[in-house]
Amino acid sequence: MSFIEAKALWKEYGDNTVLERVSVSVEEGEFITIVGASGCGKTTFLKMLLGIETPSRGELLLNGRPLPDEPDSDRGIVFQKYSVFPHLTTLENVLIAKEFPKAGLTGRLFGKRRKAALAEATEALQAVGLEHALDKFPAELSGGMQQRLAIAQSLINQPKILLLDEPFGALDPGIRADMHQLTLELWRKTGITVFMITHDLTEGFYLGTRLWVFDKVRDDPHSPDAYGATITYDIPVGECDHRTLQKLEGSLGGDKENTEQRQQDEQVTTV
Amino acid sequence: MKRLMNRHPGSIGRVFLTLLPFLLVVLAYAIASDIRLSENPSDKLLPSLTSIGSAVERMAFEPSKRSGDYLLWVDTLASLQRLAWGVGISALLGLVVGIANGVIPYVRANLSPFVTALSLIPPMAILPILFIVFGLGELSKVVLIVVGTAPFIIRDLQSRVLEIPSEQLIKAQTLGASTWQVILRVVLPQILPRLLDAVRLSLGASWLFLIAAEAIAATDGLGYRIFLVRRYLAMDVILPYVAWITLLAFIMDYALRKVSIKLYPWFHGLSKQGTAA
């Protein structure tokens, strides 16, 4: 039995088919990067994994059971933005994650339990390099620091799955490279299963163990919504070479300009 | 030379520019009053600043001949009590119903259209009903303020709750929060500064309803006094009372803003120590 399994998954909104016949299985500890053109259902798939969307047809199973249809502490998430609480300091943002599952009606911990939680939160923030910003509000942090905070917050309760929805899309290339390092480090240390959506194909190649490309197999120009996207490439990342990359760029409808831009990005990242 | 839009007054210039329109109004009044009084010394429309001053002294610092009370303070206390009750109840209602409407779809489906309908009833139109039902005492005045401002605050806070990015609510759930914990730790603290804003915006309406209710049926209060002395064309009392009400409203607005900055620095883009982020 696979850890996560999609069986002939469809998602439709009225006449608009977003995903069709997605069948795939994932083992525990894999790091899957997901690329695809805008509007091809990557985010819809992630939302189904998160439990805020349900499949129209087919099944999405976790350890052989349907995924719960609301978010829970098994599945952590980092969005591109708005992932942290603006009214809490860095330390409080992580502390609250420890408080939710343990505290009841007050939503807070007191005394010894609070002290223990604070120590753990501080340690988690050290691991992402935020120990000097414990008392700052998110608005005082840079974009990269906010995402570090969001990652620390998501991982502290040790979820089984981490979902990343273009987490580094708004960051500078240099900062992005740092974040890749950090993400890989945390993934190796925790052995968590990661799904990461990215716009950046080279990022998809660089990170992770497995790359998925979401794309439409069938297309009706008169009715663009009639057919949905599915996983058209499912590649173990180790086996990627430059030709595969180029082939994928082509299949993504990547216009030349886009490709050049990506290659430039890549150069910047590797410098 | 810099563009006009890029030039800023210095600190002394700013104080001067702030005070200038107030001074001009007082000056214009003094001149107009002088002109009228020189034509007719018993004119009551624009009393001189000295006669206004002596009226203030009479109302604020001498006991009334009839009741022995210091009328301005008695009136102020009575009005502020009614206002505090009315605004307090409105704020509490707004907070509870606004958050429930914003967070829980079942409550929203149930209450949101109803609150919208309530908010469209002109409060003054039901003032007679309030007097009939709640009598001529304090209760009907407080209820008028609540009826007039609570639906506005509820609707405002409901939309403020719905403006909280869904990412945050989802995130809290992935961290193991229950509905109650999301309300208590994520929604409520982010809504409180917005409640203060909503209360500030509704203060004008609260004063309006208070004075309307006092004008019609009361035995004390700032609105009552203004409408009482109107019978004698006592502009020397009405004008300082109006200025006093304006000052009170201004202080409340200012205090609420300061409280908001002190308690919720993140809402104003400040750091925990209150410095600019």
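The values are calculated or read from the model by the stated rules, or taken from the named source; none is laboratory data. As the structure is a computational prediction, the values presented were derived from the model and not from experiment. As a convention, Cβ positions derive from the backbone with ideal geometry for all residues, glycine included, and neighbour counts pool all protein chains shown. In case anyone asks, the SASA skips ligands and DNA or RNA and just uses the protein heavy atoms, side chains included. Shrake-Rupley method; radii C 1.70, N 1.55, O 1.52, S 1.80 Å.
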- Contact order relative to length of chain A, as percent, for alpha carbon pairs under 8 angstrom and 6 or more apart: 26 percent
- Item | Helical contribution to [θ] at 222 nm, DSSP H n ≥ 4, -39,500 (n - 2.57), averaged over chain B, rounded to 500 | -24500 deg cm²/dmol
- Query: Over the protein assembly as shown, what is the percentage of antiparallel beta bridges among all DSSP beta bridges, to the nearest 5?
  - Reply: 55 percent
- Task: Convert each backbone phi in the stretch A:217-224 into a coupling constant with the Karplus relation 6.51 cos²θ - 1.76 cosθ + 1.60 (shift: θ = phi - 60°), then list the ³J(HN,Hα) values in order as whole Hz, x for Gly and Pro.
- Result: 7, 10, 9, 10, x, 7, 9, x
- In Å², rounded to the nearest 100, what is the total accessible surface buried by chains A and B against each other with a 1.4 Å probe? 2700 Å²
- Any idea of B:Thr18's accessible area? Nearest 10 Å², probe 1.4 Å. 80 Å²
- Message: Can you tell me the orientation of helix A:90-102 relative to chain A, as the angle in degrees between its alpha-carbon axis and the longest Cα principal axis, to the nearest 10?
- Response: 90 degrees
- Message: Taking every alpha carbon pair in the protein assembly as shown, what does the distance histogram look like in 10 angstrom bins from 0, in percent?
- Response: 3, 13, 19, 18, 15, 12, 9, 6, 3, 1, 0
- Query: In sequence order, what are the phi-derived ³J(HN,Hα) couplings for the stretch A:42-57 according to the Karplus relation 6.51 cos²θ - 1.76 cosθ + 1.60 with θ = phi - 60°, rounded to whole Hz, with x for glycine and proline?
  - Reply: 4, 5, 4, 5, 5, 5, 5, 4, 6, x, 9, 10, 10, x, 6, 9
- Query: With springs only between Cα atoms under 10 Å, which of A:Phe110, A:Phe205, A:Phe214 fluctuates most in a Gaussian network model of chain A?
  - Reply: A:Phe110
- Would you please give the residues with an amide H less than 5 Å from that of B:Tyr70, counting only those at least 5 places away or on a separate chain, with H modeled from the backbone geometry? B:Ser64
- Helix axis angle, B:105-119 relative to chain B longest principal axis, alpha carbon, degrees: 20 degrees
- Message: Residue by residue through A:79-91, how many Cβ atoms from other chains fall within 10 Å of the Cβ on average?
- Response: 5
- Taking chain A as a Gaussian network, where each spring joins two C-alpha atoms under 10 Å apart, which residue of A:Leu163, A:Leu95, A:Leu184 fluctuates the most? A:Leu184
- Relative contact order %, chain B, counting alpha carbon pairs below 8 Å whose residues are six or more apart: 21 percent
- Message: Apply the a/c threshold of 1.5 to the C-alpha gyration tensor of chain B and tell me whether it is rounded, prolate or oblate.
- Response: oblate
- Rounded to the nearest Å, what's the spacing between the alpha carbon centres of the stretch A:1-37 and the stretch A:82-137? Just the number, please. 34 Å
- So what's the gap between the Cα centers of the stretch B:140-204 and the stretch B:17-50, to the nearest angstrom? 46 Å
- Message: Please report the carbon-and-sulfur percent of the accessible area for the stretch A:21-136; probe 1.4 Å, protein heavy atoms only, DNA, RNA and ligands left out.
- Response: 49 percent
- Task: Considering only B:Val187, B:Val259, B:Val147, give the residue with the highest GNM mean-square fluctuation for chain B, with springs between Cα atoms whenever their separation is below 10 Å.
- Result: B:Val259
- Heavy-atom accessible area with a 1.4 angstrom probe orders A:Arg114, A:Arg21, most exposed first, as A:Arg21, A:Arg114
- Note on the structure: Excluding ligands, DNA and RNA, the carbon-plus-sulfur percentage of the accessible area of the stretch B:54-162 with a 1.4 Å probe reads 72 percent
- Calculate one ³J(HN,Hα) per residue across the stretch B:176-183 by plugging θ = phi - 60° into the Karplus curve 6.51 cos²θ - 1.76 cosθ + 1.60, and present them in order as whole Hz with x for glycine and proline. x, 7, 8, 3, 4, 5, 4, 4
- Task: State which entries of A:Lys136/B:Lys262; A:Lys42/A:Lys81; A:Lys160/B:Lys171; A:Lys81/A:Lys136; A:Lys102/B:Lys171 exceed 20 angstrom in Cα-Cα distance in the structure shown.
- Result: none
- Percent antiparallel among DSSP beta bridges with both residues in chain A, to the nearest 5? 50 percent
- Message: At 1.4 Å probe radius, can you tell me the per residue accessible area of the protein assembly as shown in Å²?
- Response: 52 Å²
